[in-house]
Amino acid sequence: SPGVIEGIARVIRDPHTETLDPGDILIAPFTDPGWTPLFINAGGLIMEVGGVMTHGSVVAREYGIPAIVGVPKATTELQSGQRLRIDGNRGVIEILEAKNI
(Lines give C-alpha, C1' and ligand atoms only; values in the text may rest on other atoms or scores of the structure.)
Protein backbone atom coordinates (compact mmCIF):
# COMPACT_ATOMS: atom_id res chain seq x y z
CA SER A 1 0.00 0.00 0.00
CA PRO A 2 1.53 3.37 -0.94
CA GLY A 3 2.62 6.07 1.44
CA VAL A 4 5.38 6.87 3.92
CA ILE A 5 4.98 6.85 7.70
CA GLU A 6 7.22 7.10 10.75
CA GLY A 7 6.10 5.50 13.98
CA ILE A 8 6.77 3.10 16.80
CA ALA A 9 6.95 -0.59 15.91
CA ARG A 10 4.52 -2.93 17.61
CA VAL A 11 5.03 -6.66 17.01
CA ILE A 12 1.71 -8.43 17.49
CA ARG A 13 1.13 -12.14 17.23
CA ASP A 14 -2.36 -12.35 18.76
CA PRO A 15 -4.87 -9.64 17.79
CA HIS A 16 -7.26 -10.72 20.55
CA THR A 17 -4.90 -10.03 23.46
CA GLU A 18 -2.85 -7.05 22.24
CA THR A 19 -3.62 -3.49 21.19
CA LEU A 20 -2.02 -0.65 19.22
CA ASP A 21 -1.63 2.97 20.19
CA PRO A 22 -2.68 5.44 17.48
CA GLY A 23 0.05 5.73 14.85
CA ASP A 24 1.90 2.55 15.81
CA ILE A 25 3.28 0.44 12.97
CA LEU A 26 1.65 -2.99 13.16
CA ILE A 27 4.11 -5.83 12.54
CA ALA A 28 2.39 -9.18 12.14
CA PRO A 29 3.07 -12.63 10.75
CA PHE A 30 -0.18 -12.38 8.71
CA THR A 31 -3.66 -10.92 9.10
CA ASP A 32 -7.21 -12.14 8.61
CA PRO A 33 -10.58 -10.54 9.46
CA GLY A 34 -9.88 -11.02 13.19
CA TRP A 35 -7.09 -8.46 12.92
CA THR A 36 -9.24 -5.71 11.38
CA PRO A 37 -9.93 -3.80 14.65
CA LEU A 38 -6.17 -3.16 15.00
CA PHE A 39 -6.13 -1.32 11.68
CA ILE A 40 -8.14 1.54 13.19
CA ASN A 41 -5.08 2.73 15.15
CA ALA A 42 -2.35 1.47 12.82
CA GLY A 43 -0.19 4.09 11.16
CA GLY A 44 1.47 1.45 8.99
CA LEU A 45 1.66 -2.29 8.40
CA ILE A 46 4.51 -4.76 7.93
CA MET A 47 3.56 -8.42 7.36
CA GLU A 48 5.72 -11.50 6.96
CA VAL A 49 3.31 -13.26 4.61
CA GLY A 50 1.22 -11.70 1.92
CA GLY A 51 0.84 -10.20 -1.47
CA VAL A 52 -1.20 -7.56 -3.26
CA MET A 53 -4.55 -9.33 -2.74
CA THR A 54 -4.09 -10.68 0.79
CA HIS A 55 -6.25 -9.45 3.67
CA GLY A 56 -3.70 -7.06 5.18
CA SER A 57 -2.87 -5.46 1.83
CA VAL A 58 -6.50 -4.91 0.91
CA VAL A 59 -7.47 -3.45 4.30
CA ALA A 60 -4.37 -1.23 4.37
CA ARG A 61 -5.34 0.24 0.99
CA GLU A 62 -8.94 0.75 2.12
CA TYR A 63 -7.78 2.57 5.28
CA GLY A 64 -5.00 4.49 3.47
CA ILE A 65 -2.28 2.89 5.60
CA PRO A 66 1.22 2.51 4.13
CA ALA A 67 2.09 -1.20 4.06
CA ILE A 68 4.87 -3.57 3.13
CA VAL A 69 4.02 -7.27 2.92
CA GLY A 70 6.02 -10.40 2.21
CA VAL A 71 8.81 -9.50 4.69
CA PRO A 72 10.28 -12.77 6.01
CA LYS A 73 11.25 -12.73 9.72
CA ALA A 74 9.70 -9.28 10.30
CA THR A 75 8.30 -10.34 13.68
CA THR A 76 11.70 -11.55 14.87
CA GLU A 77 14.07 -9.07 13.21
CA LEU A 78 12.04 -5.98 14.16
CA GLN A 79 11.18 -5.23 17.80
CA SER A 80 8.36 -3.44 19.54
CA GLY A 81 9.52 0.01 20.61
CA GLN A 82 11.80 0.69 17.64
CA ARG A 83 11.11 3.88 15.70
CA LEU A 84 10.65 2.99 12.04
CA ARG A 85 10.01 4.67 8.73
CA ILE A 86 8.20 2.57 6.15
CA ASP A 87 7.88 3.55 2.52
CA GLY A 88 5.09 1.56 0.93
CA ASN A 89 5.83 3.13 -2.43
CA ARG A 90 9.32 1.61 -2.60
CA GLY A 91 8.97 -1.30 -0.14
CA VAL A 92 11.64 0.09 2.18
CA ILE A 93 11.81 -0.26 5.98
CA GLU A 94 14.25 1.96 7.92
CA ILE A 95 15.09 1.59 11.60
CA LEU A 96 15.42 5.18 12.85
CA GLU A 97 15.94 4.50 16.57
CA ALA A 98 16.58 1.38 18.57
CA LYS A 99 14.10 0.20 21.16
CA ASN A 100 13.86 2.40 24.26
CA ILE A 101 14.72 0.34 27.34
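A few comments on the model shown:
- Within the full protein context, the accessible area of Asp87 is estimated at about 20 Å² for a probe radius of 1.4 Å.
- Beta bridge orientation in the chain: antiparallel %, DSSP, nearest 5: 50 percent
- Only the Cβ atoms of Lys and Arg (+1) and of Asp and Glu (-1) were treated as charged; on that basis the dipole of the chain about its Cα centre amounts to roughly 140 debye.
- 3J(HN,Hα) along region 47-60, derived from phi through the Karplus expression 6.51 cos²θ - 1.76 cosθ + 1.60 where θ = phi - 60°, amounts to 10, 5, 10, x, x, 4, 9, 7, 3, x, 5, 5, 5, 4 Hz, with x in place of Gly and Pro.
- At a probe radius of 1.4 angstrom, the accessible area of the chain per residue rounds to 53 square angstrom.
- Here P(r) over Cα pairs in 10 Å bins from 0, in percent was calculated from the structure, and among [x] 14, 35, 31, 20, 1; [y] 18, 59, 22, 1; [z] 12, 30, 27, 21, 7, 1 it sits at label [y].
- Under 5 Å, built H, 5+ apart or other chain: amide partners of Val69: Met47
- Comparing Thr36, Thr76, Thr17 in a Gaussian network model of the chain, where Cα atoms under 10 Å apart are tied by springs, the biggest mean-square fluctuation is seen for Thr17.
- For the residues Ile27, Ile40, Ile65, a GNM of the chain with alpha-carbon springs under 10 Å puts the largest fluctuation on Ile40.
- Accessible-area rank, largest first, for Lys73, Lys99: Lys73, Lys99, with all protein chains present and a 1.4 angstrom probe.
- The sum of -39500 (n - 2.57) across all DSSP H runs of n ≥ 4, divided by the residue count of the chain, sets its helix-only mean residue ellipticity at 222 nm to -3000 deg cm²/dmol.
- Accessible surface of His16 - all protein chains present, 1.4 Å probe, nearest 10 Å²: 150 Å²
- Here the accessible area of the chain is 54 percent carbon and sulfur, with a 1.4 angstrom probe and all protein chains present.
The values are calculated or read from the model by the stated rules, or taken from the named source; none is laboratory data. Computed from a predicted model, the values in this text were never measured in an experiment. We place every Cβ from the backbone using ideal geometry, glycine too, and count neighbours over all the protein chains shown. Areas reflect the complete protein model, heavy atoms only, side chains present, ligands, DNA and RNA absent. Shrake-Rupley method; radii C 1.70, N 1.55, O 1.52, S 1.80 Å.
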